[in-house]
Amino acid sequence: GQRQRVALGRAIVREPQVFLMDEPLSNLDAKLRVQMRAEIQKLHRRLETTIVYVTHDQIEAMTMGDRIVIMKDGFIQQAASPEEVYNHPVNMFVAGFIGSPAMNFINGETTEEGGQVHFKAQGINVVIPEGKAKVLRNKGYVGKQVVFGIRPEDMHVEEVFKQASPDSIVKAHIEVAENLGHEMYLYLNGVGNETVVAKVDGRAGLKEGSDVELALDMNMIHIFDPESELAVFEM
């Protein structure tokens, strides 16, 4: 940690126009990494100098970056603000890379029943909100295979949420429950063919081996083309 600070100091005194930082915090322990992250942000504000910062740690990217450039195999996938890449990922790679735990992807198909568009897969039959359903109709994705994306934090076990969203409830079996105190990660099966992760309140009192009902926040869902892996809903 001391050597990291000295290296930063050596760079700062030269008063460069641009700082290039290649994973500067990778060798630090967790506590010092958080501290140094805050120090670099304070330096950035004080010096008002551009910093090009390379990292594989998406928490560093989300908390420190004004603009994030996400790359894969040498090609830029998306360049936008942290809020934009989180809320409006352009493809499945970006959607799965940003966010912890990663976004859940469920393969299934869309159908139209009684004027409503549904997404159906193993253990899931949910109604897609009209605004998003209109986009699916206009782009010809109704009646087709799609990839349904939902972030773990957009899956809710609270009764008030389930009562407010009866068309978005799914039932699942808890394989593993990781309690972190303030929150709990539930690893679920019975929804789609893959294990699905939900991030819920740590005080929910859920145990592994039991069944659970969850309501999905359908306003926060993502739909991807299974062949191109591009997002169907544009900003």
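The values are calculated or read from the model by the stated rules, or taken from the named source; none is laboratory data. Predicted, not measured: the structure shown is a model, and the values here were computed from it. Positions of Cβ are generated from backbone atoms using ideal geometry, with glycine treated the same way; all protein chains shown enter the neighbour counts. Note: accessible area is taken over every heavy atom of the protein model, side chains too, but ligands, DNA and RNA are not part of it. Shrake-Rupley method; radii C 1.70, N 1.55, O 1.52, S 1.80 Å.
Remarks
- Of all residues making up the stretch 200-235, the number that are of a type outside the set (V, I, T) and either open to solvent by less than 30 Å² (accessible area, probe 1.4 Å) or within 29 Å of I76 (Cβ to Cβ) (or both): 19
- Taken over the stretch 117-152, the criterion of being touching a residue at least 40 places away in the same chain (Cβ under 8 Å) and over 18 Å from G190 (Cα atoms) is satisfied by V127, I128, P129, K132, V135, L136, K139, Y141, Q145, V146.
- A80 closer than 23 Å to G149 by Cα, without any contact (Cβ under 8 Å) to a residue 24 or more places away in the chain, surrounded by 13 or more Cβ atoms within 10 Å (Cβ to Cβ) and hydrophobic (A, V, I, L, M, F, W, C): yes
- When the residues of the stretch 178-199 are filtered to those that are over 30 Å from E130 (Cβ atoms) and of a type in the set (A, V, I, L, M, F, W, C), the one that is least open to solvent (accessible area, probe 1.4 Å) is M184.
- For the stretch 15-28, filtered to residues that are under 14 Å from E60 (Cα atoms) and not polar (S, T, N, Q), the residue that is surrounded by the fewest Cβ atoms within 10 Å (Cβ to Cβ) is D22.
- Strands (runs of 3 or more DSSP E) contained in the stretch 1-115 and holding at least 2 residues over 30 Å from G131 (Cα atoms), touching a strand residue (DSSP E or B) at 6+ places or on another chain (Cβ under 8 Å) and not basic (K, R): 18-22, 50-54
- Among the candidates I68, I51, I12, residue that is open to solvent by less than 60 Å² (accessible area, probe 1.4 Å) and within 30 Å of T195 (Cβ to Cβ): I68
- The set of residues in the stretch 59-72 being of a type outside the set (A, V, I, L, M, F, W, C) and either under 17 Å from L32 (Cα atoms) or in contact with a Lys or Arg (Cβ under 9 Å, 6 or more places away or on another chain) (or both) consists of E60, T63.
- Single residue of H118, H88, H56 found to be within 24 Å of L230 (Cβ to Cβ) and loosely packed, with under 14 Cβ neighbours inside 10 Å: H56
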